[in-house]
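Undergrad: Please see the structure below; I have some questions.
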Amino acid sequence: MMKRLIAIFLVLAVAIPTFSVTSAQGDEQVLYIGLDVGPGGYNNSMPYNYGAGHTMHSKMYTPLFIWNADSTDIVPFIVESYESNDDFTVWTFKLREDVYFSDGEQLTASDVKFTADFMTSSDINLENFNHINEAFGQIEGFEAHRNGEAEELSGVQVVDDFTFQYTLSSSNPRIYGRMYGTYIFPQHAIDFAPADYQTTDWWYNADKQVGSGPWVVADYKRDEYIELAPNEYYFQGKPKLDRLVNRYFPDETAAVLALAAGEIDFSYVSPDVLPTLDPDTFEIYGGNSYVSIFFHINYNNSPEEWQDLRVRQAFMYAIDRQAIADVVLEGTHMVLPCLVPIESVYTDNLNDYAYDPDKAKALLAEAGVDPADLGTIDWVTHPGYANPLMKDAVQASQAYLADIGIQAEMRYLDLPTWRTTYLAEGYQMGFRGQAYAIFSPPLAALYTNAGAQGGDINGWDYAATGFEDVVNQALTAPTFEEYTAKLGELCQMENDQLPWLPMWVGERYGALNQRVKDFYWYPAGGGGPYDDHSELWYIED
């Protein structure tokens, strides 16, 4: 940490070459930012491919629903109204009639139908299907269309120009809770097939890309920046800025140096950076991320001893998670009993797994496990959890485990390598985060064998029983109170069975140069999406 602070202070005193100057340039307003820095960003990604990167996706495309300003609720965005039948199996949605794509074409229910059919095609080629499963998986005909047995997603139908209908395969009183990432694409402008989704240049080609968000692609250089121009047809008004340039950085430290040098005006920052920032220059944004940090065990690629609950319990007792939260993470994180980061749903019987190395050793002995038999645990993570503060937390965890004889090594992977490694057999434990907002946790993906994070990929069956029934009860619970009670039950089951190893949930921060006005940012899990009203941002020098 000290080396990092010294580097940041030095950049304030030493002149360094800059990428560009963020200012009102003549009559033009050009804002340079780092919106893909930190755990919520995913450089060079496109909608639906991953659960993160929504802060940038929502600049170019509009979702049907959107998170509110502090990630505590979900609200309609381009949906004007909605209703369901009595058993919550048929939902009817009315679109706003003032939403236009950046080429002037009106967004209609036909675009919704096209998007649903396109994204659930058997030819769609994605690295991660979690978000497609969550957005469309409960709609009637999903499996048949995904398997190539049907020509359309039959459960999505156009009623009229601005009305569409979802018919579900089972009851869901809160289906809209998973529609926040359902970005709608222009049927008339998509010139590629589903099989080319990841390889086409359409997403970043200024001559092709069309969206209904406040911005449209103007220029792009992979791994360096994406430059956006205003969408003059945006339904909430044409943006005030002339250009919005999102720069990509290899890590948070590089972004912080650029922020301090005046190359960008906004970036995600870790808590240890805050004291280095001039309060007369920078405004700090922050809040609860509702992102649970945990170790995700790949049982298929780990010694079978990890299938023994007592070994997983030993892991938990061996690490002083509270001390790490208080000291290493500087009081910005809370210890978790499960992946549910919402204290209001917790039951009274949760085990806090308070630090007890003697108990950890006793559990290993009771299980007949010599720590040496576990080998060196292969941990992997991505740049979102590779900032110096989190690296210190990982090193502290390694030291605590070493005290009971368990060895672990972390591999810090770039995003492309992480994506391929995490979805394969190439690791033992993934150190990662999971967005878990109360209104829209990805219950099916997390807790059932049908989800991409369970079943065959990591051998979930070895450690978890009974989750599928409770997930179904949560999804069909008719009232919010019954639904949150089921979240509490899932938390208790996690806490008892430890299919994965929960660590912390924390506050996250962003720093803005105060010359940028009417700005908003919140550390929403995966970047939301939420409406930051970027059409109102402007620079005042």
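Undergrad: Looking at segment 484-518 only, could you name the residues that are part of a loop (DSSP other than H, G, I, E, B) and open to solvent by 20 Å² or more (accessible area, probe 1.4 Å)?
TA: Taking segment 484-518 as the starting set, the residues that turn out to be part of a loop (DSSP other than H, G, I, E, B) are 498-500, 514-515, 518.
Result: Gln514, Arg515, Asp518.
Undergrad: If we scan segment 228-238, do we find a residue that is open to solvent by 10 Å² or more (accessible area, probe 1.4 Å) and at pLDDT below 95? Can you show your working first?
TA: Restricting attention to segment 228-238, the residues satisfying the condition of being open to solvent by 10 Å² or more (accessible area, probe 1.4 Å) are 229-230, 232-238.
With at pLDDT below 95 added as a condition, the list becomes none.
No, segment 228-238 contains no residue that is open to solvent by 10 Å² or more (accessible area, probe 1.4 Å) and at pLDDT below 95.
Undergrad: From Asp265, Asp308, Asp272, grab the single residue that is crowded, with 18+ Cβ neighbours inside 10 Å, of a type in the set (Asp, Glu) and at pLDDT below 95.
TA: Checking each option against the conditions leaves just Asp272.
Undergrad: Further, regarding this structure: Filter segment 368-409 for residues that are charged (D, E, K, R) and farther than 22 Å from Arg508 by Cβ; which is least open to solvent (accessible area, probe 1.4 Å)? Outline the logic, then answer.
TA: Looking only at segment 368-409, we keep the residues that are charged (D, E, K, R), and these are 370, 373, 378, 391-392, 403, 409.
Applying the additional criterion that residues be farther than 22 Å from Arg508 by Cβ yields 370, 373, 378, 403, 409.
Numbers: Asp370: 79, Asp373: 90, Asp378: 39, Asp403: 100, Glu409: 120 Å².
The extreme case among them is Asp378.
Undergrad: Mind telling me which of the residues Phe136, Phe164 ends up being open to solvent by less than 10 Å² (accessible area, probe 1.4 Å), at pLDDT below 95 and among the aromatic types (Phe, Trp, Tyr)?
TA: Phe136
Undergrad: Same structure again: Inside segment 169-202, can you point out the residues that are buried (at least 20 other Cβ atoms within 10 Å of the Cβ) and aromatic (Phe, Trp, Tyr)?
TA: Listed by number, the residues that qualify are Tyr176, Tyr180, Tyr183, Phe185, Tyr197.
Undergrad: Please go through segment 253-262 and give me each residue that is surrounded by fewer than 23 Cβ atoms within 10 Å (Cβ to Cβ), of a type in the set (Gly, Ala, Ser) and out of contact with any Leu (no Cβ under 9 Å at 6 or more places or on another chain), ordered by number.
TA: First pass over segment 253-262, keeping only residues surrounded by fewer than 23 Cβ atoms within 10 Å (Cβ to Cβ): 253-254, 257, 261-262.
From the residues that got through so far, the ones that are of a type in the set (Gly, Ala, Ser) too are 254, 261-262.
Across segment 253-262, the qualifying residues are Ala254, Gly262.
Undergrad: Shifting gears a bit: If a residue must be open to solvent by less than 80 Å² (accessible area, probe 1.4 Å) and either part of a loop (DSSP other than H, G, I, E, B) or without any contact (Cβ under 8 Å) to a residue 12 or more places away in the chain (or both), how many such residues does segment 327-367 contain?
TA: Matching residues across segment 327-367 total 21.
Undergrad: Another question about this same structure. Just the residues that are over 27 Å from Gln434 (Cβ atoms), open to solvent by 30 Å² or more (accessible area, probe 1.4 Å) and outside any loop (DSSP other than H, G, I, E, B), please, taken from segment 145-161.
TA: Scanning segment 145-161 gives Gln157, Val158, Val159, Asp160.
Undergrad: Test Pro523 against the criterion of being in a loop (DSSP other than H, G, I, E, B), under 16 Å from Leu336 (Cα atoms) and open to solvent by less than 10 Å² (accessible area, probe 1.4 Å), and give yes or no. Full working, then the answer.
TA: Working: in a loop (DSSP other than H, G, I, E, B): yes; under 16 Å from Leu336 (Cα atoms): no; open to solvent by less than 10 Å² (accessible area, probe 1.4 Å): yes.
Here the answer is no, as Pro523 does not meet what is asked.
Undergrad: Just to check your reading of the model, which residue among Asp280, Asp251 is of a type in the set (D, E, K, R) and at pLDDT 95 or above? Full working, then the answer.
TA: Numbers: Asp251 fails: at pLDDT 95 or above.
Within the list Asp280, Asp251, the selection yields Asp280.
Undergrad: A further question follows. Within segment 209-227, take every residue that is at pLDDT 95 or above and acidic (Asp, Glu) and give me the one that is surrounded by the most Cβ atoms within 10 Å (Cβ to Cβ).
TA: Glu227
Undergrad: Exactly one condition in (1) modelled with pLDDT of 95 or more; (2) open to solvent by less than 40 Å² (accessible area, probe 1.4 Å) is false for Leu5; which is it?
TA: All conditions are met except number (1).
The values are calculated or read from the model by the stated rules, or taken from the named source; none is laboratory data. As the structure is a prediction and not an experimental result, all values here were calculated from the model. Glycine also receives a Cβ, built like all others from the backbone with ideal geometry; neighbour counts cover every protein chain displayed. Calculation scope for accessible area: heavy atoms of the full protein, side chains included, ligands and nucleic acids excluded. Shrake-Rupley method; radii C 1.70, N 1.55, O 1.52, S 1.80 Å.
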